[in-house]
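S.K.: Below is the structure I would like to discuss, written out as structure tokens.
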Amino acid sequence: MVELEQSIKQNISQALQNVYNLAVAPEAISLQPTRKEFAGTFTFVTFPFTKSIGKTPDIIGVELGKYLKDNTAEVYSYNVVKGFLNLEIDDTIWAEVFRQLATDADFGYAKDKKSKVVVEYSSPNTNKPLHLGHLRNNFLGYSVAEILKANGHEVVKVNLVNDRGIHICKSMLAYQLYGQGETPQSSGMKGDHLAGKYYVLFDKAYKSEIDELVSCGMEAEVAKKEAPLMKRAQEMLQKWEQGDDEVIQLWQQMNGWVYEGFSETYQNIGVDFDKFYYESQTYLLGKSSVDEGLAKGVFFKKEDGSVWVDLTAEGLDEKLVLRADGTSVYITQDLGTAELKYQDFSYDLSIYVIADEQNYHMQVLQAILKKLERPYANGIYHLSYGMVDLPSGRMKSREGTVVDADELVEEMVETAHKQTDELGKIEGFTEAEAQQLYHTLAMGALKYFLLKVDPKKRMLFNPEESISFIGNTGPFIQYTHARIAAILRKAAELNIPTNEAAYAGVKAFHETERDVITQLAAFPNVVQEAANLYAPSVIGQYAYELAKAYNRFYTEVSIFQETDPVVLSFRVTLSKMVAQNIKRGMRLLGIEVPERM
């Protein structure tokens with residue numbers, strides 16, 4: 001399709017020269033897809049040339065259209081609508097385009113290796129389970145990594161686990177005070193859920209202490225710092241950094257529970273990683289960077305002993321990099337992790353999939369790395385994404401008002417079960433096959449809904465809307481694939497061939513067939529655009545448009561009632577290629593498509 005578009009541009013350039021003696025380079029020619037309500041594939045806008053040619057847009061369109069129809073093999077016909085020249089492509093060209101698509105086994109994927117990219121995503125805290133916001137992060141990171149792979153990049157997926165810090169100590173302290181030896185086994189809870197339970201308990205007790213201090217006349221901001229629980233949590237953090245045996249043992253025990261829970265969730269939602277990093281292993285390297293920065297004059301100490309960096313010249317602010325008590329902050333361990341990732345992979349690009357709430361933090365990280373003259377500083381890219389809201393409002397993990405990822409997936413599976421049964425789409429399935437289908441549809445609905453929106457946009461999650469089999473949803477696209485899979489099974493039973501020789505004689509195409517071929521041919525450009533923008537939403541929209549185009553074809557054109565064997569083979573092959581592209585596109589989103597429904 002790219003070659004066809006380039007050929008059309010070359011022809012238009014030649015037409016402008018021959019008809020109007022106007023020199024316009026082919027690369028300066030701009031084409032648009034023809035709008036659905038008009039006949040044509042490519043549209044050339046004539047308005048920019050009215051002044052230099054001295055004629056109206058419509059007259060220019062008619063004269064160029066006539067020249068192209070009479071003098072080129074590609075243009076079969078044309079129409080002009082208010083200065084828009086819509087070009088219809090000859091069916092012999094469509095036949096050649098289709099042949100090229102059908103015979104390229106790796107169509108859409110780059111074959112040459114490009115740069116080395118590290119994609120960091122998920123980044124959970126070990127004081128709570130994954131929630132709905134984490135799901136958007138995981139699905140976005142996984143999909144961007146797969147899209148970059150399809151574009152020929154060497155990609156490493158990494159997960160930085162936030163396994164230390166004051167928030168972890170809050171859960172640990174609450175467990176010490178209220179846990180009474182409770183374990184995942186004794187409670188029947190996943191380990192990450194158990195840790196999250198005590199994080200919420202800490203916050204409730206901490207707020208009670210603040211309220212009590214305020215009622216005694218203390219200012220609220222002072223009370224937050226003077227509350228006994230917060231002081232004890234900070235003391236525990238200091239003991240952790242000093243290697244206190246009792247604190248380290250509790251930390252290892254609770255984190256071990258959490259890791260088992262995370263592993264189960266990751267497997268269930270279908271994401272993976274090539275390497276895990278842990279802040280407990282990177283913060284010391286970050287402290288070394290702080291020492292280096294002090295020696296170089298990049299950082300400075302305040303009177304209380306805390307270490308800061310002045311980024312006002314960069315349009316930011318002064319930023320704390322080490323507390324007065326010597327404990328590290330987020331930016332400290334981020335400096336260490338960036339260094340360790342570069343040591344491990346010598347990357348060209350390091351993508352951080354982090355919510356837009358951390359935009360300032362990421363600007364600070366890159367600014368500090370530049371000041372430290374790190375060779376990888378310019379290779380850092382923050383893939384910022386908007387938060388996920390619910391109809392009931394924003395989620396808050398400290399207050400226990402988050403939508404738990406495990407519970408949400410379970411609810412989505414139940415909804416898929418109910419809707420699928422109501423529509424009668426599991427006839428002949430065993431119980432195991434039905435359960436697998438429910439999970440496939442649930443994850444397709446959830447991932448597609450979260451990925452079809454541009455990453456930068458804040459979004460409202462609607463579970464009911466996401467699971468529908470109608471409209472721009474994952475299940476609609478999945479059902480289209482299952483429909484085609486049934487067609488291909490029937491074609492195989494009827495011994496209908498799909499090799500090049502079988503459909504080579506096809507001469508003419510229905511309008512819906514041309515639309516489907518156009519959609520198929522666009523796949524490489526779509527994959528490239530999605531990689532350039534780091535936007536799985538581009539793939540999602542493509543999969544939806546392809547499914548819509550195929551369903552129009554399926555509705556308007558007969559497949560198995562076709563008596564011409566060449567046309568029959570072509571239509572079956574066309575269906576096969578649509579199924580392949582849907583599967584390829586959806587897999588780039590981390591979504592599986594069923595063979596039967």
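S.K.: In this structure, does Leu446 turn out to be over 18 Å from Asp421 (Cβ atoms), part of a helix (DSSP H, G or I) and of a type in the set (A, V, I, L, M, F, W, C)?
M.R.: Values: over 18 Å from Asp421 (Cβ atoms): yes; part of a helix (DSSP H, G or I): yes; of a type in the set (A, V, I, L, M, F, W, C): yes.
Yes: the conditions hold for Leu446.
S.K.: Residue by residue through region 75-125, note down the ones that are under 14 Å from Gly40 (Cα atoms) and without any contact (Cβ under 8 Å) to a residue 40 or more places away in the chain. Steps first, please.
M.R.: Step one: list which residues in region 75-125 are under 14 Å from Gly40 (Cα atoms), which gives 75-81, 84-91, 93-94.
Tyr76, Ser77, Tyr78, Val80, Asp90 - these are the residues of region 75-125 that are under 14 Å from Gly40 (Cα atoms) and without any contact (Cβ under 8 Å) to a residue 40 or more places away in the chain.
S.K.: Residue check: is Ser215 surrounded by fewer than 24 Cβ atoms within 10 Å (Cβ to Cβ), more than 19 Å from the chain's Cα centre (by Cα) and more than 23 Å from Ile591 (Cα to Cα)? First the steps, then the outcome.
M.R.: On the way: surrounded by fewer than 24 Cβ atoms within 10 Å (Cβ to Cβ): yes; more than 19 Å from the chain's Cα centre (by Cα): yes; more than 23 Å from Ile591 (Cα to Cα): yes.
Spelling it out, Ser215 is indeed surrounded by fewer than 24 Cβ atoms within 10 Å (Cβ to Cβ), more than 19 Å from the chain's Cα centre (by Cα) and more than 23 Å from Ile591 (Cα to Cα).
S.K.: Across region 323-350, what is the number of residues that are in contact with a strand residue (DSSP E or B) (Cβ under 8 Å, 6 or more places away or on another chain) and either touching a residue at least 60 places away in the same chain (Cβ under 8 Å) or outside any helix (DSSP H, G or I) (or both)?
M.R.: 12
S.K.: State yes or no: is Glu595 touching a helix residue (DSSP H, G or I) at 6+ places or on another chain (Cβ under 9 Å), surrounded by fewer than 17 Cβ atoms within 10 Å (Cβ to Cβ), closer than 30 Å to Val271 by Cβ and among the acidic types (Asp, Glu)? Can you show your working first?
M.R.: Values: touching a helix residue (DSSP H, G or I) at 6+ places or on another chain (Cβ under 9 Å): yes; surrounded by fewer than 17 Cβ atoms within 10 Å (Cβ to Cβ): yes; closer than 30 Å to Val271 by Cβ: yes; among the acidic types (Asp, Glu): yes.
For Glu595, the condition - touching a helix residue (DSSP H, G or I) at 6+ places or on another chain (Cβ under 9 Å), surrounded by fewer than 17 Cβ atoms within 10 Å (Cβ to Cβ), closer than 30 Å to Val271 by Cβ and among the acidic types (Asp, Glu) - is met.
S.K.: Oh, and also: Name the single residue that is surrounded by the most Cβ atoms within 10 Å (Cβ to Cβ) among those in region 249-295 being among the charged types (D, E, K, R), part of a helix (DSSP H, G or I) and touching a residue at least 40 places away in the same chain (Cβ under 8 Å).
M.R.: First, the residues of region 249-295 that are among the charged types (D, E, K, R): 260, 264, 272, 274-275, 279, 287, 291-292.
If we keep only those that are part of a helix (DSSP H, G or I) as well, we get 260, 264, 279, 287, 291-292.
After this cut, where a residue has to be touching a residue at least 40 places away in the same chain (Cβ under 8 Å) as well, the list is 260, 264, 279, 287, 292.
Working: Glu260: 13, Glu264: 14, Glu279: 24, Lys287: 21, Glu292: 13.
Result: Glu279.
S.K.: Among the listed residues Met230, Met236, which satisfies the condition of being out of contact with any Lys or Arg (no Cβ under 8 Å at 6 or more places or on another chain), assigned to a helix (DSSP H, G or I) and either farther than 27 Å from Gly270 by Cα or not assigned by TED's automatic domain parsing to the domain that holds His131 (or both)?
M.R.: Numbers: Met230 fails: out of contact with any Lys or Arg (no Cβ under 8 Å at 6 or more places or on another chain).
Testing whether each residue is out of contact with any Lys or Arg (no Cβ under 8 Å at 6 or more places or on another chain), assigned to a helix (DSSP H, G or I) and either farther than 27 Å from Gly270 by Cα or not assigned by TED's automatic domain parsing to the domain that holds His131 (or both) leaves just Met236.
S.K.: Could I ask something else about it? Please state which one of Ile467, Ile477, Ile539, Ile484 is among the aliphatic types (A, V, I, L, M), at pLDDT below 95 and buried (at least 22 other Cβ atoms within 10 Å of the Cβ). It would help to see each step written out before you state the result.
M.R.: Values: Ile477 fails: at pLDDT below 95; Ile539 fails: at pLDDT below 95; Ile484 fails: at pLDDT below 95.
On inspection, the qualifying residue turns out to be Ile467.
S.K.: Could I ask something else about it? For the structure I just gave you, tell me whether Lys452 is among the basic types (Lys, Arg) and in contact with a strand residue (DSSP E or B) (Cβ under 7 Å, 6 or more places away or on another chain). Walk me through it before giving the result.
M.R.: Values: among the basic types (Lys, Arg): yes; in contact with a strand residue (DSSP E or B) (Cβ under 7 Å, 6 or more places away or on another chain): no.
So Lys452 fails the test.
S.K.: Next question, about the same structure. Are any residues in region 400-432 under 28 Å from the mean Cα position of the chain (by Cα) and in contact (Cβ under 8 Å) with a residue 60 or more places away in the chain, and if so, which ones?
M.R.: Result: Gly400, Val402, Val403, Asp404, Ala405, Asp406, Leu408, Val409, Thr420.
S.K.: Among the listed residues Leu322, Leu316, identify the single one that is more than 24 Å from Met387 (Cα to Cα) and out of contact with any Leu (no Cβ under 7 Å at 6 or more places or on another chain). Explain how you work it out, then say what you get.
M.R.: Details: Leu316 fails: more than 24 Å from Met387 (Cα to Cα).
None of the other options fit; the residue is Leu322.
S.K.: Quick one: which residue in Val309, Val353, Val298 is more than 16 Å from Ser123 (Cα to Cα), crowded, with 21+ Cβ neighbours inside 10 Å and either in contact (Cβ under 8 Å) with a residue 12 or more places away in the chain or among the small types (Gly, Ala, Ser) (or both)? Spell out the reasoning first.
M.R.: Working: Val353 fails: more than 16 Å from Ser123 (Cα to Cα); Val298 fails: crowded, with 21+ Cβ neighbours inside 10 Å.
None of the other options fit; the residue is Val309.
S.K.: For region 42-156, give me every one of the helices (runs of 4 or more DSSP H) that falls completely inside it and has 1 or more residues that are outside the structural domain of Thr282 (by TED's automatic domain parsing) and either more than 17 Å from the chain's Cα centre (by Cα) or surrounded by fewer than 21 Cβ atoms within 10 Å (Cβ to Cβ) (or both). Don't jump to the end; show me each part of the working.
M.R.: Details: elements: 50-53, 57-71, 91-102, 132-150.
Those helices (runs of 4 or more DSSP H) span 50-53, 57-71, 91-102.
S.K.: Here is a follow-up. What number of residues within region 554-576 satisfy the criterion of being under 23 Å from Asp104 (Cβ atoms), surrounded by fewer than 23 Cβ atoms within 10 Å (Cβ to Cβ) and of a type in the set (A, V, I, L, M, F, W, C)?
M.R.: Matching residues across region 554-576 total 3.
The values are calculated or read from the model by the stated rules, or taken from the named source; none is laboratory data. Here the structure is a predicted model, which means the values were calculated and not measured. Glycine also receives a Cβ, built like all others from the backbone with ideal geometry; neighbour counts cover every protein chain displayed.
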